[in-house]
Amino acid sequence: MPAKRQASRVRRQRLRAAWLFLIPMLVVLAAVAGWPLMRTIWFSFTDASFANISEYGLVGFENYLVYDNGAWYGVLADPTWWNAVWNTLFFTVVSVGMETVLGLIIALTLNAQFRGRGWVRAATLIPWAVPTIVSAKMWGWMLHDQFGIINEMLMGLGLIAEPLNWTANADLSMWAVIMVDVWKTTPFMALLTLAALQMLPSDCYEAAKVDGIHPVRVFFKVTLPLILPALMVAIIFRVLDALRVFDVIYVLTSNSADTMSMSVYARQQLVEFQDVGYGSAASTVLFLIIALLTISYLYLGRKQIGGEA
Amino acid sequence: MACVELKNINKTFGQIEILPCVNLRIEDGEFVVFVGPSGCGKSTMLRLIAGLEDPTSGDIEIDGEVVTDQSPKERGVGMVFQSYALYPHMSVYENIAFGLKLGKARKNKIREWVEKTAEVLQLEKLLDRKPRELSGGQRQRVAIGRAMAREPKIMLFDEPLSNLDASLRVQMRTEIAKLHDRLQSTMIYVTHDQVEAMTLADKIVVLNGGNIEQVGTPYELYETPASLFVAGFIGSPKMNLMPGSIDGEVGAPTTAINIRGLGKVTVNRETSSLKDGDAVTVGVRPEHFTLALSGPDHGLEVVNVEYLGNEAYVYVELPGMQELMVVRQPVPCEVQTGQRVSLATEPELVHVFDASGRALGPFKAEAESAERLAATQ
Amino acid sequence: MNRKLLKKIAAKTGFAILLAGILLFTVFPFYYAIVTSFKSGSELFDVTWWVSAFDFSNYASVIGDGSFVGSIWNSVLVSFATVIIAMAFGLTAAYALGRVQFRGRSAVLMIVLGVSMFPQVAVLSGLFEVIRALDLYNNPLALIFSYTIFTLPFTVWILTTFMRQLPKELEEAAIVDGASPMTTLFKVFIPLMWPAMATTGLLAFIAAWNEFLFALTFTLTDDQRTVPVAIALLTGGSQYELPWGNLMAASVIVTVPLVLLVLIFQRRIVSGLTAGAVKG
């Protein structure tokens, strides 16, 4: 084979243009994400305070873990932090699980042919469009311990004898948070699942129909395996999103320990307790958890992302 | 004034070699058609000349100047794409003027050019329309207009008619031919349709698997195909190709070839490179056979007769061969399906291809070859 | 035969109930907020299912409150500016990522996707420092700056997907016409990208409009707040009683435009969400 020539001038110009187009975006990303992230990690090794963030001293790993006078201190030794980790994981698994199942049911329903399908689909988008804060407030009102319509409904149906204090009761408040999140994000799951369903080939269904296979069996043997890749993408996006949950919990139950997530914990340390060093350490741990998950996802889904130009 | 020369062009995508080594010269003002089956590299060659693709090695020259490193605009090419690729948001006028505007021409000059182009292509009434408001043929004309507006030295056409229906294709073919007569610019045209190639080209380049099989006028390609591939590719219905073997002496003015199931044919080809018993392929065009009815016990069976109005195709089965032989017959045709016939032809009308698929040239007298031998020494 | 008919009716009824359930589930909370927003005084504390009388006093009091109207303006300003910035940087980047084959392309895509996964709280202290340094604390400009962290990655991501779908021959035609990459982008591609840009812009707008954490942390006074923070921090006459009527009226005011946008552009939004499979 003859020697390979260098890319032509035209091609080189094009490459140069591509990088020129990319650099502004990369610079902005570095300014709003890269640099702040590095500073957060840096602060996690300092004793900076929120009120005066420019004066600080280095304290090493003290914010993470330190042994002092016979006791462990630092984020990793803080039971409140581990409680927040547990809350976040519980919230993530339960709400994403429920959203997936409900989303699947809604998607299967919307996949059927019926009059007014467009309207129903539009209606399912409403919760998605409602700001999280607003949905938390709306549900806060519906779940109100004295005047809430949910209590009224449940009492009317005879399911409960007296009103429940949804947002303050330690056993119920996490479920209240999950309820709001499920309401708000199920549409997202439903739409992504619906899109996957609509790309399925119809011939294997016809074959199954001809063979007289029960619809439930068809769903588990044909539909589910076929939409699984798309469903997995949606689930992973939702999981990564749920792990950083903040708004719903903050608005619905404030800084209550029963529902505190990692993000709420970190922000409380940072802003309310003004302890930038400690809060940054918590943020960094959260970042590492999500980064680890993201990297493993990107690694597994690597081939999909490259694509073709 | 623009002649194009491809010198030792190699094009490789990753591991796949599209063009191993191409050398080709296109003269100024010529209408050249690249033809071949899909995947033969004809579009790649066009795109290399356009400057949309870089050769892996080798050089492209236009008018003796190496342009391998130049942009399409610097090369002075205009191109018509298969899917038209008109800018959907621009009017016909803007589509044609786009390249001129980028060339920083003056406004009234642009208008003049666009109007001249529109007049040539009968687009005057459509200048304000958007591409989606045009028919397929009109879009095609706009695409041509856009390509020629800057008065390029070379016009390139990448299967421009394949999206049109059959009758429109014939009409556009004529218009492109007229355009070439009028502009006298070099035109390079890619198609997989051999009829388009035959009707439009001054010179046809037949490609197969990235290699140039033959370059020649439509007449040369039809009358003296250089290879088995060209013989099979040019001409409709296809040339009849039959496996045979040399029978007896070679190097004489006539050589006998034995064709299984058909018998012996005599050809006057240069066979001195072969020897007795060598396998060859014999090719005869459908119109070069003469048919005669034979008795019921010998000859070949007629399997089908296709009546086309101006002529008829008679399909004959050759025992042991998968493809049917086809013979063109004037109408009225007396032969009927089920009858048995014998075939005959003239020695000078028979094409012979060696085992590697290369055509054997016409027989040259001994003295002549001796002379040539002396000259080279 | 009769049994078959019965089965069919049962299936139809079941489906109708399922549909009604879905509609109730998705629409009811918003509906109930509207119902509540038209009640005032002690009426609020009686659970009712319908709007019995249109009492606009909650709306009047919310709109009469200058700081809430100010918050709306802040939100509008911040959201529009965020969208414009994300578009400006996103379009050029998407052209490079979607149309040019170059080494490092998938690495850049990974970075973009990675940033969109960033937990906001992880950059909170770092961003706070930057905003302090730029003297933008308690200023909506700080929000425009910080919102870029989530709007830009998904804008790039979705626009890249759409950019890839444009026909290759169109770009080649532009190249033959002598267009530079810049000209190709602005004269040929961007005019064709309006639908995609509308979709992406809408998603970015909604994300910016709904953002809470940065808005809560980087603004201090009522007059600099955006709508979500204003609603979250809305308090009544006494410290212990939330003004539910006002809250619901405010919620309805900020949500209705979004709901209308979503209903009008639902097709576009769905295509955008599925194109990028990004978070909503």
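Please state the charge dipole magnitude for chain A, taken about the Cα centre, from unit charges on C-beta atoms (+1 on K and R, -1 on D and E), reported in debye and rounded to the nearest 20. Walk me through the numbers before you get to the answer.
Numbers: 21 positive and 20 negative charges, 498 e Å.
Taking the Cα centre of chain A as origin, the dipole is about 2400 debye.
DSSP beta bridges fully contained in region B:4-232 are about 50 percent antiparallel. Residues of region A:199-244 that bury at least 30 Å² of accessible area when the other protein chains are present, relative to the chain alone (probe 1.4 Å, heavy atoms, ligands and nucleic acids excluded): A:Phe237, A:Asp241, A:Arg244.
Before rounding to the nearest 500, sum -39500 (n - 2.57) across all DSSP H runs of length at least 4 in chain B and divide by the residue total; then give [θ] at 222 nm in deg cm²/dmol. Walk me through the intermediate numbers first.
On the way: 10 runs with 100 residues, N = 377.
It lands at -8000 deg cm²/dmol.
For region B:213-303, averaging the sequence separation of C-alpha pairs within contact (under 8 Å, six or more residues apart) and dividing by the residue count gives a relative contact order of 24 percent. Tell me the total accessible area that C and A bury against each other, 1.4 angstrom probe, in square angstrom rounded to 100. Chain pair C/A: roughly 8900 Å² of buried accessible area.
Projecting the Cα atoms of A:Gly74, C:Ala174, B:Pro237 onto the charge dipole of the protein assembly as shown (Cβ charges, centred on the Cα centre) puts C:Ala174 farthest toward the positive pole.
Relative to its residue count, region C:57-276 spans a Cα convex hull of 144 Å³ per residue.
Ordering A:Tyr278, C:Tyr137, A:Tyr56, A:Tyr67 from largest to smallest accessible area (1.4 angstrom probe), what's the sequence? All intermediate terms of the calculation are to be shown ahead of the outcome.
Numbers: A:Tyr278 35, C:Tyr137 60, A:Tyr56 80, A:Tyr67 135 Å².
Accessible-area ranking of A:Tyr278, C:Tyr137, A:Tyr56, A:Tyr67, largest first: A:Tyr67, A:Tyr56, C:Tyr137, A:Tyr278.
Note on region A:214-263: Cα Rg divided by 2.2 N^0.38 Å, N the number of residues, gives 1.78.
Could you rank B:Thr186, B:Thr12, C:Thr274 by how accessible they are, 1.4 Å probe, largest area first?
Numbers: B:Thr186 0, B:Thr12 25, C:Thr274 50 Å².
Result, largest first: C:Thr274, B:Thr12, B:Thr186.
For the protein assembly as shown, the residue among B:Gln336, A:Leu224, C:Leu260 whose Cα projects farthest onto the positive side of the dipole built from Cβ charges is C:Leu260.
How long are the semi-axes of the equivalent ellipsoid of chain A, taking √(5λ) for every eigenvalue λ of the Cα gyration tensor, in whole Å from largest down?
Values: eigenvalues 299, 266, 62 Å².
They are 39, 36, 18 Å, listed from largest to smallest.
Scaled to the globular estimate 2.2 N^0.38 Å, the Cα spread of region B:290-344, given as radius of gyration, is 1.04. For region A:234-244, backbone phi angles converted through the Karplus equation (6.51, -1.76, 1.60; θ = phi - 60°) give residue-by-residue couplings of 4, 4, 5, 4, 5, 4, 4, 6, 5, 5, 9 Hz, Gly and Pro being listed as x. Solvent-accessible area assigned to carbon and sulfur over region A:79-274 amounts to 65 percent, based on a 1.4 Å probe. Amide H contacts of B:Val352: B:Gly283, B:Leu360, each under 5 Å away and 5 or more positions distant or on a separate chain (H built 1.01 Å from N in the peptide plane; Pro and chain starts excluded).
For region C:1-75, the extents of the C-alpha atoms along the principal axes are 69, 32, 16 Å, listed from largest to smallest.
Given a 1.4 Å probe and every protein chain left where it sits, what share in percent of the accessible area of region C:57-276 is carbon and sulfur?
Working: 4890 of 7440 Å².
Ligands and nucleic acids excluded, carbon and sulfur reach 66 percent.
When the Cα positions of A:Phe246, A:Leu172, A:Ser202 are compared along the charge dipole of chain A, A:Ser202 comes out farthest toward the positive end, with charges on each C-beta of Lys, Arg, Asp and Glu. Placing +1 on the Cβ of every Lys and Arg and -1 on the Cβ of every Asp and Glu, with nothing else charged, gives region C:57-276 a dipole about its Cα centre of roughly 680 debye. Averaging Cα coordinates gives a centre for region A:233-268 and one for region B:73-152; these two points are 58 Å apart.
If R0 equals 41 Å, the separation of the Cβ atoms of A:Val101 and A:Ser256 corresponds to a calculated FRET efficiency of about 0.90.
Find the accessible area per residue for the protein assembly as shown; the probe is 1.4 Å, ligands and nucleic acids are left out, and the unit is Å². Don't skip to the end; give the middle numbers.
Values: 43320 Å² over 966 residues.
Accessible area per residue, the protein assembly as shown: 45 Å².
Computed from the mean reciprocal separation of all distinct C-alpha pairs, what Kirkwood hydrodynamic radius does the protein assembly as shown have, in Å? For the protein assembly as shown, inverting the mean 1/r across all distinct Cα pairs yields 34.4 Å. For B:Asn240, the residues whose amide H sits under 5 Å from its own are B:Val284, B:Arg285, ignoring neighbours fewer than 5 places away on the same chain, with H placed 1.01 Å from N.
What does the charge dipole of chain B about its Cα centre add up to, to the nearest 20 debye, if the Cβ of each Lys and Arg holds +1 and the Cβ of each Asp and Glu holds -1? Let's see the in-between values first.
Working: 39 positive and 51 negative charges, 384 e Å.
Computed about the Cα centre, the dipole is about 1840 debye.
Between B and C, buried accessible area summed over both sides at probe 1.4 Å, in Å² to the nearest 100?
Working: alone 18510 and 16670 Å², together 33620 Å².
For B against C, buried area totals roughly 1600 Å².
Solvent-free Debye calculation, one equal scatterer per alpha-carbon of region C:2-45: log10 I(q)/I(0) at 0.18, 0.24, 0.31 Å⁻¹ equals -0.64, -0.80, -0.96.
Note on region C:132-250: percent of Cα-Cα distances in each 10 Å bin, starting at 0 and stopping at the bin with the largest distance, equals 11, 28, 23, 19, 12, 5, 2, 0. Solvent-accessible area of region B:290-344 (1.4 angstrom probe, protein heavy atoms only): carbon and sulfur portion equals 49 percent.
Determine the alpha carbon to alpha carbon distance for each of B:Lys101/C:Lys168; B:Lys7/B:Lys101; B:Lys178/B:Lys238; B:Lys7/B:Lys116; B:Lys7/B:Lys178 and list only those over 26 Å. Could the numbers behind the result be given before it?
On the way: B:Lys101/C:Lys168 22 Å; B:Lys7/B:Lys101 34 Å; B:Lys178/B:Lys238 29 Å; B:Lys7/B:Lys116 36 Å; B:Lys7/B:Lys178 31 Å.
Those over the limit are B:Lys7/B:Lys101; B:Lys178/B:Lys238; B:Lys7/B:Lys116; B:Lys7/B:Lys178.
Taken one residue at a time, the phi angles of region A:108-119 give Karplus couplings (6.51, -1.76, 1.60, θ = phi - 60°) of 4, 5, 6, 6, 6, 8, 7, 6, x, 4, x, 5 Hz. Gly and Pro are set to x.
Phi angles across region C:61-72 convert, under the Karplus curve 6.51 cos²θ - 1.76 cosθ + 1.60 with θ = phi - 60°, into 3J(HN,Hα) values of 6, 5, 6, x, 6, x, 5, 5, 4, x, 4, 4 Hz, Gly and Pro given as x. Over 27 Å apart at the Cα level, from the set C:Lys12/C:Lys39; A:Lys209/C:Lys4; B:Lys73/B:Lys109; B:Lys11/B:Lys364, are C:Lys12/C:Lys39; B:Lys11/B:Lys364.
Restricting to the protein assembly as shown, compute how many DSSP beta bridges are antiparallel as a %, nearest 5. If you can, show how the numbers build up before the last one.
On the way: 62 of 80 bridges.
Bridges in the protein assembly as shown that DSSP calls antiparallel: roughly 80 percent.
Calculated [222 nm] ellipticity per residue, helices only, for chain A: -20500 deg cm²/dmol; basis is -39500 (n - 2.57) per DSSP H run with n ≥ 4, divided by all residues, nearest 500.
The values are calculated or read from the model by the stated rules, or taken from the named source; none is laboratory data. Here the structure is a predicted model, which is why all the values come from computation and not from measurement. Every residue, glycine as well, gets a Cβ built from its backbone with ideal geometry; the counts of neighbours run over all protein chains shown. Side chains included, ligands, DNA and RNA excluded: accessible areas come from the protein's heavy atoms. Shrake-Rupley method; radii C 1.70, N 1.55, O 1.52, S 1.80 Å.
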